[in-house]
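Take a look at this one; I'll ask things after.
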Amino acid sequence: MTKVEIITNILCSITASFIFLFIVLILFKPKIRISPFVCRGKYMEGDDNDYYFIKLINISLFSAYDVSVELLEVDRYPTTNGQMNNRYRPLTVVLSHVSNIPGYRPSWLRRNAPYAVRIRTTEDFSKILTSDYKSVMVKISLKHGLTGLVKVVTKEYIDCSQIKNGKFDYGLKFGSIN
């Protein structure tokens, strides 16, 4: 082999490795969807507390591990140069860590929907969202079951119109059942 062939082979190997790495990073990162609205309702019959529910759906084929949920009140305030700063205050979540959310399977393959999880809190979102400078942010951190890649997904609720009374639809749907 000549030097040119060796260098060409090395460059082709490096290029193929990078292409493979980017394909793995794109296809095998965790995929989760967060509900576009929050549902307000009761957790169980006879419970006097109103809870606020946020639905998470693992839409990847593989399980998500070490799922941690963080709920924050975001307070925006102006600075001297005309920009806006954010101040974060943690809100309580009934269960902030889930060890495993199974991957998505169609309903003809698996009758139940363990890939869809609801998190709940007793914090009153309507009081927070009435202010123009406040919002509620949910931050989800999860690890892909096959590759171990970590992803952080955030969703911000900014208006009282994003709160609906009732419960979420079953499975992949985010609709509200009154």
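Take the residues in the stretch 165-175 that are open to solvent by 40 Å² or more (accessible area, probe 1.4 Å) and within 19 Å of the chain's Cα centre (by Cα), then tell me which one is modelled with the highest pLDDT.
The first filter runs over the stretch 165-175 and keeps only residues open to solvent by 40 Å² or more (accessible area, probe 1.4 Å), leaving 165, 167, 169-170, 172-173.
Filter once more, so that each one left must be within 19 Å of the chain's Cα centre (by Cα): 167, 169-170, 172-173.
Working: K167: 86, D169: 82, Y170: 81, L172: 78, K173: 78.
The qualifying residue modelled with the highest pLDDT is K167.
Mind counting the residues in the stretch 93-148 that are at pLDDT below 85, open to solvent by 80 Å² or more (accessible area, probe 1.4 Å) and either under 12 Å from the mean Cα position of the chain (by Cα) or closer than 26 Å to G41 by Cα (or both)?
The total comes to 2.
Restricting attention to the stretch 20-49, which residues are surrounded by fewer than 14 Cβ atoms within 10 Å (Cβ to Cβ), closer than 22 Å to F125 by Cα and touching a Ser or Thr at 6+ places or on another chain (Cβ under 9 Å)?
The one that is surrounded by fewer than 14 Cβ atoms within 10 Å (Cβ to Cβ), closer than 22 Å to F125 by Cα and touching a Ser or Thr at 6+ places or on another chain (Cβ under 9 Å): N49.
Here is a check on your reading of the model: is D75 touching a residue at least 24 places away in the same chain (Cβ under 8 Å) and on the phi > 0 side of the Ramachandran plot? So that I can check it myself, show each step before the final result.
On the way: touching a residue at least 24 places away in the same chain (Cβ under 8 Å): yes; on the phi > 0 side of the Ramachandran plot: no.
Spelling it out, it is not the case that D75 is touching a residue at least 24 places away in the same chain (Cβ under 8 Å) and on the phi > 0 side of the Ramachandran plot.
Here's something else I'd like to know. (1) at pLDDT 90 or above; (2) farther than 17 Å from V153 by Cβ: which one isn't true of M84, the others all being true?
All conditions are met except number (1).
So, one more: Would you check if there is a residue in the stretch 76-87 being open to solvent by less than 50 Å² (accessible area, probe 1.4 Å), assigned to a strand (DSSP E or B) and either within 30 Å of I26 (Cβ to Cβ) or not basic (K, R) (or both)? Before you say what the answer is, go through the steps one by one.
Taking the stretch 76-87 and keeping what is open to solvent by less than 50 Å² (accessible area, probe 1.4 Å), we get 79.
Of the ones still in play, those that are also assigned to a strand (DSSP E or B) are none.
For the stretch 76-87, residues open to solvent by less than 50 Å² (accessible area, probe 1.4 Å), assigned to a strand (DSSP E or B) and either within 30 Å of I26 (Cβ to Cβ) or not basic (K, R) (or both): absent.
So for the stretch 10-29 (the condition being at pLDDT below 85 and assigned to a loop (DSSP other than H, G, I, E, B)), does at least one residue qualify? If you could, list the steps in order and put the result at the bottom.
Narrowing the stretch 10-29 to residues at pLDDT below 85: 21-29.
Now narrow it down to the ones that are assigned to a loop (DSSP other than H, G, I, E, B): 28-29.
Yes - at least one qualifying residue is present in the stretch 10-29.
Quick test of your reading of the structure: K42 fulfils all but one of (1) touching a residue at least 12 places away in the same chain (Cβ under 8 Å); (2) within 18 Å of G166 (Cβ to Cβ); (3) of a type outside the set (A, V, I, L, M, F, W, C). Name the failing condition by number.
K42 satisfies every listed condition except (1).
So, one more: All but one of (1) touching a residue at least 24 places away in the same chain (Cβ under 8 Å); (2) within 30 Å of F28 (Cβ to Cβ); (3) assigned to a loop (DSSP other than H, G, I, E, B) hold for E123; state the number of the condition that does not hold.
Status for E123: all satisfied but (2).
In this structure, does L72 turn out to be out of contact with any His (no Cβ under 9 Å at 6 or more places or on another chain) and in a loop (DSSP other than H, G, I, E, B)? Step through it out loud before you land on a result.
Details: out of contact with any His (no Cβ under 9 Å at 6 or more places or on another chain): yes; in a loop (DSSP other than H, G, I, E, B): no.
No, not satisfied.
The values are calculated or read from the model by the stated rules, or taken from the named source; none is laboratory data. Predicted, not measured: the structure shown is a model, and the values here were computed from it. Quick reminder, even Gly has a Cβ in these numbers, built from the backbone with ideal geometry, and neighbours come from all protein chains shown. Accessible surface is based on the protein model in full, side chains and every heavy atom, while ligands, DNA and RNA are left aside. Shrake-Rupley method; radii C 1.70, N 1.55, O 1.52, S 1.80 Å.
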